[in-house]
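Comments concern the structure below.
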Amino acid sequence: MNLSLPEWLPRSNTVNLLAGAFLLSALYAAAQRRVLAAVTAYRFNSLALGLIALVVAFVTGARHIALAALLVLATKAIAIPTLLARQVRRGRGATETEPIFGVPAGMLVCGALVVVAFSQTRALFGPGVSILASCLPASVASTLVGLFIMVSRRQAVMQVIGLVIVENAIFLAAVSLTYGMPLVVEMGVLLDLLVGVALFGMFVERIEETQGDSDTTRLTSLKG
Amino acid sequence: MLPLLLVSPLAAIACLALRGSRWTARVMLGAAALVLVQALMLAGRVLRGGPIEGAAGWLQADALSALVACIVSGMALACAAYGQYYMAEVATNERADARWAPGRYEALVLVLVGAMLLATLANNLGLLWIAIEASTLASALLVGYYRRPGAVEAGWKYLLLCSVGITLALLATVLLYYSAVHVYGEGPAGLRWTSLVAAAPRLDPRFVRLAFLFAFVGYGAKAGLAPMHSWLPDAYTQAPTPVAALMSTGLLATAFSALLRFHAVTAACVGPAWPNGLFMVFGALSMLVAIPFMLVQGEFKRLLAYSSIEHTGFLALAIGLGTPLATFGAMLHLVMQSLAKSLAFMVGGTLGRANDSRRMDHWSGVLAASPAVGVLFVGAGIGVAGLPPAGTFVSEWLALTGGFAGAHHTVALVALLAFVAVFTGLAFHWSRMALGRPRPRFADHLPAASRVPLWALLGLLVLFGLWLPGPVRALVEQAAKVVRP
């Protein structure tokens, strides 16, 4: 089907604001020492993503986008954060550990990543490609911030949060480039993601079981 | 195609229902045999009638998918036939390690097999992604099968690295979908591989290039290409031996064929030179990275894991060489390395149990200790090293001949030198283990029946090395045509 898009959407303040909230919540997760706060940040990240998709669905009147948006909200804003939060409360992951970068240095790196993303997205994707212009740089920036969380944190759960933020950012790229992928595909992707997070939780538990905490930098027994 | 896809998930459910009884291993064996028969029948249909589409365009079987489906299901059968003895032996002798009720292991292996088959037969790139991610999840659980710290570490690394990789592959899928939106509009058609290949010249080349880069990183990590390979030695070493054999053959072939699907679209859109270059560079890098680790390796499964990286590298390099003969050699190598590698893993599993150690310096005099295992062990070594009369020799030789006939002599020379270096390392390790005086504590606990699948693998490996039956040859030829029309 061919979806016609009203002129105002690319410059829509609602979408711009939501994209801003999306990026800001990713940065908030990167700035947090406490894992539970980072889980909450992820929840808001997913909420912003779902709302952007809902706005697109509302404007275009496409029912499959609305359904996909609701599924995103159900899995990413409710199920996965709940799973992660339960994991954190049950294990010893909630205690603070020193990140590899201090928070101020980490924030500086994240700021640099955002600048890179906003200045280079146009060069990467070329001018005038994005349907939702403000979302694509925010998505690239959040991808980089999510990857930074993964490499700069020691706790296993924080690395999972980095991963799911990257996943959210790619969903945002899908929404802003093509209004999201076909519904069946999105459903499968969300199902895989949900099972994946449950599996990550199981491994976090086992890491805590075998070494007493969930510091992944201490997982170095296998070499050669 | 649907019955082929449904057998293993249904058998997995049956295994969960029968959890705790003795029937689960037999259910898995029966299901694997049924899957293999159906895969062979599918290959026959494709050979006679060309590509088949199914399920409203979501599935398709061309020669490449039929070939990979045959590899996956053949390896699943070998894994089930050997695994029933091996896992029973592990369960009786290692109380602390294996705490799983029988049934869950079989169910997970069957889920893994089902996911791999879905990935090979998927026509929709989104479905391909879902299936590959599902195979990662199932195999990560299997890598963590033993609850020792090393297995947890390996499972965690594997899950995390391949999840990041697969997330980038999702981005690749989105980008390719976007590049086709102006051709097909919104809807599943824009993700259909057959439509994408047909419309490739009209796709936006900028996005196709980006998509290929991300897919290369994502699915390349899964296939074990350097520098995204760091999870692989740990995962193969820690996974139970039959699972390691399945991962180094079926899963490798599946991930590599996913890479080939993206390669076909990219080559048709921006010309073959650019994707071929990437394949050659990272293929050669993988081969070279693996060599030092193979020369000074203490653990047998780790040695085979680095050998897998080397073989994936060679596959990529041969595809990158670009001549028809090299492509044919690469497709043939996909079959041959599966036969050789699964044989090596399984005979290594037997020896590991018999010597009660996984370290190679604790193994010696295998030929004298048990002539039957010794012959299989030497055969596996010849296969992994690529010497005649093993089939791997033929496939490597064909691919390299194709390379020297083409434009990239230096790359083919690099591969040839890498093979020589690998051969010296393998000859050193193998001669030390196969010859000499057997260890006094050597005791092969596995029954002779567990060697039947190994003899079958060795027989096929040597048979294909001496004479390639017509249908096999035709299937490999047509698969090469799918990769490079």
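We did not get these values from a lab; they are worked out from the coordinates using the rules stated. These figures come from a predicted structure and were not determined experimentally. All Cβ positions, even for glycine, are placed from backbone atoms using ideal geometry, and neighbour counts span all protein chains on display.
Scanning chain B for helices, which whole DSSP H stretches are 30 Å or more long along the axis (Cα) and average -0.5 or more by Kyte-Doolittle?
Membrane-span-like by this rule: B:23-49, B:63-93, B:149-179, B:273-295, B:300-321, B:324-355, B:409-434.
What ranking do B:Trp129, B:Trp467, B:Trp23, B:Trp156 get, fewest neighbouring Cβ atoms within 10 angstrom at the top?
With the sparsest Cβ surroundings first, the list reads B:Trp467, B:Trp23, B:Trp156, B:Trp129.
Determine the shape class of the stretch B:15-172: with a ≥ b ≥ c the square roots of the Cα gyration tensor eigenvalues, call it rounded for a/c under 1.5, and otherwise prolate if a/b is greater than b/c, oblate otherwise.
Oblate.
Test of understanding: given chain A, find the longest segment containing no GluC sites (Glu not before Pro) that are in a DSSP loop and have at most 11 other Cβ atoms within 10 Å.
That gives A:97-224 as the longest site-free run.
Would you pull out the residues with amide H under 5 Å of B:Glu299's amide H, same chain only if 5 or more places away, H placed 1.01 Å from N?
Placed amide hydrogens put B:Met360 under 5 Å from B:Glu299.
For helix A:135-152, what angle does its Cα long axis make with the longest principal axis of chain A, in degrees from 0 to 90 and rounded to 10?
10
Want the number for A:Phe118 to A:Leu191: 0.36 nm per residue separation, take away the alpha-carbon distance, what's left?
23.2 nm
In what sequence do B:Trp363, B:Trp455 fall when counting other Cβ within 10 Å, fewest first?
B:Trp455, B:Trp363
Is the shape of the stretch B:285-347 rounded, prolate or oblate, going by the alpha carbon gyration tensor and its root eigenvalues a ≥ b ≥ c, with a/c under 1.5 for rounded and a/b larger than b/c for prolate?
Oblate is the answer for the stretch B:285-347, as a/c is 1.5 or above yet b/c matches or exceeds a/b.
Under a Cβ-Cβ cut-off of 15 Å, what is the net charge of the residues other than B:Phe419 that fall near it, where Lys and Arg count +1 and Asp and Glu count -1?
After counting each charged neighbour, the total is -2.
When the label point is put 7 Å from the Cα of B:Glu53 along its Cα-to-beta-carbon vector, which residues of the stretch B:193-220 have a backbone N closer than 20 Å?
Counting backbone N atoms under 20 Å from the label point, the list is B:193-203.
State, as an integer percentage, the relative contact order of the stretch A:111-217 based on alpha-carbon contacts under 8 Å between residues 6 or more apart.
That works out to 26 percent.
Restricting to Cα pairs below 8 Å that are 6+ residues apart, what does the relative contact order work out to for chain B? Please round to a whole percent.
Relative contact order here is 16 percent.
On each of the three principal axes of the Cα atoms of chain B, give max minus min coordinate, whole Å, ordered largest first.
70, 53, 42
Please give the length that would be gained between B:Leu463 and B:Thr424 if that part of the chain were fully extended, namely 0.36 nm times their separation in residues minus their C-alpha to C-alpha distance (nm, one decimal).
Taking 0.36 nm per residue and subtracting the Cα distance, the gain is 11.5 nm.
Please work out the Cα center distance from the stretch A:7-81 to the stretch B:326-346, rounded to the nearest Å.
Between the Cα centre of the stretch A:7-81 and that of the stretch B:326-346, the gap is 46 Å.
Express in whole angstrom the spacing between the alpha-carbon centres of the stretch B:213-230 and the stretch B:361-427.
Cα centres, the stretch B:213-230 to the stretch B:361-427: 24 Å.
Can you sort B:Met331, B:Met346, B:Met433 by how many other beta carbons sit within 10 Å, fewest first?
Lowest to highest Cβ neighbour count: B:Met433, B:Met346, B:Met331.
Using only the Cα atoms of the stretch A:28-120, build the gyration tensor, take square roots of its eigenvalues as a ≥ b ≥ c, and label the shape rounded, prolate or oblate: rounded if a/c is under 1.5, else prolate if a/b is larger than b/c, else oblate.
oblate
What pairs from B:Lys222/B:Lys481; A:Lys223/B:Lys341; B:Lys301/B:Lys481 go past 31 Å between their alpha carbons?
Cα-Cα > 31 Å for B:Lys301/B:Lys481; rest within.
Going 7 Å from the Cα of A:Val184 in the Cα-to-Cβ direction, what parts of the stretch B:154-191 have a backbone nitrogen less than 15 Å from that spot?
The answer is B:187-191.
Between B:Leu416 and B:Lys481, what FRET efficiency follows from the Cβ-Cβ distance if R0 is 35 Å, with the result rounded to 0.05?
Computed FRET efficiency for B:Leu416 and B:Lys481 comes out at 0.85.
Please give, to one decimal in nm, the separation of the simple spin-label points placed at A:Phe58 and B:Asp361, each 7 Å out from Cα toward the Cβ.
With each label placed 7 Å out from Cα toward Cβ, I get 7.0 nm.
Any chance you could give the angle, 0 to 90 degrees and rounded to 10, that helix A:80-90 forms with the longest Cα principal axis of chain A?
Approximately 20 degrees, to the nearest ten.
For the stretch B:198-285, what is the largest minus smallest coordinate of the Cα atoms on each principal axis, given in angstrom and ordered from greatest to least?
Projected onto the principal axes, the Cα atoms of the stretch B:198-285 cover 47, 25, 17 Å.
Got the relative contact order for chain A handy, in percent, Cα pairs under 8 Å and 6 or more residues apart?
Relative contact order of chain A: 24 percent.
Could you pull out every one of the aspartates and glutamates with an alpha carbon less than 16 Å from that of B:Lys157, ignoring same-chain neighbours closer than 8 positions?
By straight Cα distance, B:Lys157 reaches A:Glu205, A:Glu208, A:Asp215, B:Glu133, B:Asp234.
Please work out the Cα center distance from the stretch B:165-206 to the stretch B:251-324, rounded to the nearest Å.
So the two Cα centres are separated by 24 Å.
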